[in-house]
Amino acid sequence: ALTLSGGHVTNAVNASVSNDVVGVSLGAGNVTGIVHGADGTPLSNAPVTAKTTSGDSITVTTVTQADGSFQMNLDPTKDWIIGSLDPVTVAKATLSLPANSPSYTGLVLNLA
C-alpha cells in the first residue's frame, strides 16, 4: 500500500515516482453492480453504501453512474451490507455480501 496524505491506496496496479510526482494506476473496483429504481430503470446518481457487519466498523460510499452502475473496493475478508436509496421516492434496497464470496461482480439492487 502507498500512503498519501494519511490515506491508503489499495488495489494498485502500478506506481511510479518521477520528478517528485507520484503516479498510481488503480485496478477496477472489486465489487460492481447496478441500481434499478422502483420502476425497473437504472438509477443514476443514487448513493450506494457498504458497511461491515462485524469487527471493525467500516463504511464505503459511492454514487451510481448515468447507467445505474457502481463499483467499490471492499475488503473481501469481511462481511458487508450494501444498500442504496432513491432520494426522490425513498425506495431502498440492501443485500448481504458474505466474506470470501465467490463473486463480487454483477450485483443488482432493485429499489422498492
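Looking at region 53-112, what % of the alpha carbon pairs are farther apart than 19 Å? Beyond 19 Å sits 32 percent of the P(r) for region 53-112. The alpha-carbon atoms of region 36-81 define a convex hull whose volume equals 75 cubic angstrom per residue.
Descending by average beta-carbon neighbour count within 10 Å, the peptides 78-86, 90-98 line up as 78-86, 90-98, the highest first.
No value in this document is a laboratory result; all are computed from the given coordinates. If you're wondering where the values come from, they're calculated on a predicted model, not measured in any experiment. So basically every Cβ, Gly included, is an ideal-geometry build from the backbone, and we count neighbours across all protein chains shown.
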